[in-house]
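Asker: What follows is a single structure, and I will ask about it in a moment.
The values are calculated or read from the model by the stated rules, or taken from the named source; none is laboratory data. Only a predicted model underlies this, so the values are computations on that prediction, with no experimental measurement involved. As a convention, Cβ positions derive from the backbone with ideal geometry for all residues, glycine included, and neighbour counts pool all protein chains shown. All accessible areas refer to the heavy atoms of the entire protein, side chains included, with ligands and DNA or RNA removed. Shrake-Rupley method; radii C 1.70, N 1.55, O 1.52, S 1.80 Å.
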Amino acid sequence: LAKRAADGLYAHTRTSVTRLEAFANCPFRHFVTYGLRPIPRREFEVARNETGTFYHRAMEGYTKASSGLPAWPNLTREENDRVMDGVLEPLREEWANTPLSDNAMLQATGEACCRIARGAAWNYAVQTKRGAFRTGESEARFGPGEAVPPIKLTLADGRVCWVEGRIDRIDYFEEDGDKWLRVVDYKSGGTTLEPSRMYG
């Protein structure tokens with residue numbers, strides 16, 4: 001290094017035994033550590049809420065795509081996977097500009113998400129084929145100005161609180177003039193179903 005560059009990097013009047021030993025062992029490593037002083041790059045990790053959003057988008061797209069197929073839900077696993085792959089293709093193209101394409105490990109994470117999405121779509125088709133419920137709405141919002149009104153809660157002090165949100169899927173079944181609804185909430189985390197809490 002030129003003297004001017006060295007003074008800019010190492011303009012010190014004090015040093016340590018550790019730094020002197022580092023220089024003696026490997027001048028280049030000393031240059032990188034104490035001269036360039038790099039900042040370790042934080043490893044990108046896929047957050048759970050990001051994968052949850054991905055699964056919701058995938059299932060919403062699959063629900064819309066499958067609703068236009070006369071043979072659905074009576075498809076083979078391979079046919080069903082192709083439907084989901086058509087939905088996943090634009091989502092995967094979005095990864096090209098995100099850290100999910102940075103390295104092999106993150107690419108493998110993305111592929112694992114796709115496998116889970118295919119499995120969820122297949123389970124959805126199998127459940128539909130075995131039952132009488134059919135999907136009526138997907139990603140249905142409820143709240144002010146929406147097709148479904150908000151939920152009104154009256155608090156202990158008399159004040160009113162309006163609850164708004166989005167329902168992942170609403171299935172329906174009609175029999176003898178009665179219409180039954182089934183609300184489906186997709187979960188990608190480790191939520192455990194507690195049957196006792198379903199009875200009210």
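Asker: Asn123 is checked against (1) open to solvent by 100 Å² or more (accessible area, probe 1.4 Å); (2) closer than 20 Å to Trp72 by Cα and fails just one. What number does that condition carry?
Answerer: (1)
Asker: Regarding region 54-68, can at least one residue be identified that is exposed (fewer than 12 other Cβ atoms within 10 Å of the Cβ), under 17 Å from Ser188 (Cα atoms) and modelled with pLDDT under 95?
Answerer: Among the residues of region 54-68, not one is exposed (fewer than 12 other Cβ atoms within 10 Å of the Cβ), under 17 Å from Ser188 (Cα atoms) and modelled with pLDDT under 95, which makes the answer no.
Asker: Can you pull out every residue in region 73-126 that is in contact (Cβ under 8 Å) with a residue 12 or more places away in the chain and basic (Lys, Arg)?
Answerer: Within region 73-126, Arg77, Arg92, Arg118 meet the criteria.
Asker: Kindly list the number of the only condition in (1) part of a strand (DSSP E or B); (2) open to solvent by 90 Å² or more (accessible area, probe 1.4 Å); (3) among the hydroxyl-bearing types (Ser, Thr, Tyr) that fails for Thr192.
Answerer: Condition (1) is where Thr192 drops out.
For (1) surrounded by 11 or more Cβ atoms within 10 Å (Cβ to Cβ); (2) without any contact (Cβ under 8 Å) to a residue 24 or more places away in the chain, each residue gets a yes or a no:
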residue	(1), (2)
Arg4	no, yes
Tyr10	yes, no
Thr15	yes, yes
Leu20	yes, yes
Cys26	yes, yes
Arg29	yes, yes
Tyr34	yes, no
Arg37	no, yes
Pro40	no, yes
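Asker: Taking the residues in region 158-181 that are open to solvent by 100 Å² or more (accessible area, probe 1.4 Å) and not in a strand (DSSP E or B) as candidates, determine which candidate is farthest from Lys129 (Cα to Cα).
Answerer: Restricting to residues being open to solvent by 100 Å² or more (accessible area, probe 1.4 Å) and not in a strand (DSSP E or B), the top hit is Arg159.
Asker: Here's another thing I want to ask about it. Among Glu78, Glu45, which is the only one that is open to solvent by 90 Å² or more (accessible area, probe 1.4 Å), farther than 26 Å from Ile170 by Cβ, modelled with pLDDT of 95 or more and out of contact with any Pro (no Cβ under 7 Å at 6 or more places or on another chain)?
Answerer: Glu78
Asker: Let me ask you something else. Residue check, Thr135 against (1) open to solvent by less than 60 Å² (accessible area, probe 1.4 Å); (2) closer than 30 Å to Lys179 by Cβ; (3) within 20 Å of the chain's Cα centre (by Cα), all met but one. Which one?
Answerer: Every listed condition holds for Thr135 apart from (3).
Asker: I would also like to ask the following. Is it fair to say Ala132 is assigned to a loop (DSSP other than H, G, I, E, B) and either out of contact with any His (no Cβ under 9 Å at 6 or more places or on another chain) or farther than 30 Å from Glu174 by Cβ (or both)?
Answerer: yes
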